1. First obtain the Kirkwood hydrodynamic radius of the chain from its Cα pairs, then insert it into the Stokes-Einstein equation at 4 °C and 1.567 mPa s, and state the resulting D in µm² per second as a whole number.
2. Among 12, 213, 225, which one moves the most in a GNM of the chain with springs linking Cα atoms closer than 10 Å?
3. How big is the dipole moment of the chain about its Cα centre under a simple scheme where the beta carbon of each Lys and Arg is +1, that of each Asp and Glu is -1, and everything else is neutral? Debye, nearest 20, please.
4. In a shell of Cβ-Cβ distance under 14 Å around residue 104, excluding residue 104 itself, what net charge do Lys and Arg (+1) and Asp and Glu (-1) give?
5. Could you give the longest part of the chain that holds none of the GluC sites (Glu not before Pro) found in DSSP loops with at most 16 neighbouring Cβ atoms within 10 Å?
6. Using alpha carbons only, how many angstrom separate the centre of the range 144-193 from the centre of the range 57-113?
7. Measuring with a 1.4 Å probe in the full set of protein chains, what accessible area per residue, in whole Å², belongs to the chain?
8. Which percent of the accessible area of the chain is formed by carbon and sulfur heavy atoms (probe 1.4 angstrom)?
Amino acid sequence: MPLGAEVKAARFYYLDQLALVACGPSLLVYSIAGREGSSPRALTSCAQSADLPRYRLAHRWSNRAQQLTDVAAPNDFLSPVVLIAASDKTLTAYDLHAGRPTLVLHMGELSGGGHSRPVRTVRLSPDASESQLLLTSANDSTVRLWDLRVGRSVRCFATHSNGHHAIGCAFSPCMRYVAVGGEGRHCTLYSLQQGTVVQTLGGHLDVVSDVAFHPRHPQLATACFDGRCRFWNNGGES
């Protein structure tokens, strides 16, 4: 079904029971159920059958911005909080249970502690015990680490270049490193605690647009505008 506006992001949420869609200035929350009352986990079998999941719009929240740029929420454990980035330089923590924002960060009002341009990418900690930590990237050549418990940026990673495209960033599963794409044809690996560069991973011919760590093994995948993905081991070899 056409949604009537550009979709910037879509995520499964709440143990696959919900789907989040960033559509125009609105967050759309869809409730998902398998056919004939089956479990929401039936989504995993859709690739092998003609049965499609049923869905309905369960909630809508609209921002005053022209466009939501990303949305993130944990899917491996239950949490009511959804993180929403928007083109008006806001980052919002929205509580779906309460139906309202619990924290709104205006980047232009943070006195050097925020991005100078709108957030393009939001990534959450993979560790449930550190669920209040998140990363954001923007076209100001910075990635910031945020702690929602104090409502501010606690670290800035700013060695990579990123002035035009949305690029990915990611926490390592061990919570020791942050990987960031960039427009300098390499991926930058930072120390999470120190904010310093640990290693740069080159070999790409264009913008490194996204990065992802393997959840169980010391491996990193990088995607590039040159049409290639590279896979790196813990020795930095591709």
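The values are calculated or read from the model by the stated rules, or taken from the named source; none is laboratory data. Small disclaimer: the values here were computed from a predicted structure and weren't measured. Here the Cβ positions follow ideal geometry from the backbone for every residue, glycine too, while neighbour counts run over all protein chains shown. Calculation scope for accessible area: heavy atoms of the full protein, side chains included, ligands and nucleic acids excluded. Shrake-Rupley method; radii C 1.70, N 1.55, O 1.52, S 1.80 Å.
1. Details: Rh = 18.7 Å.
Diffusion coefficient, whole number: 69 µm²/s.
2. 225
3. Details: 22 positive and 18 negative charges, 55 e Å.
Its charge dipole is roughly 260 debye.
4. Result for the neighbourhood of residue 104: +1.
5. Working: sites that count: 6, 237.
Here the longest segment lacking exposed loop sites spans 7-236.
6. Cα centroid to Cα centroid, the span is 19 Å.
7. Details: 12040 Å² over 238 residues.
That works out to 51 Å² for each residue.
8. On the way: 5870 of 12040 Å².
It is 49 percent, rounded to a whole number.
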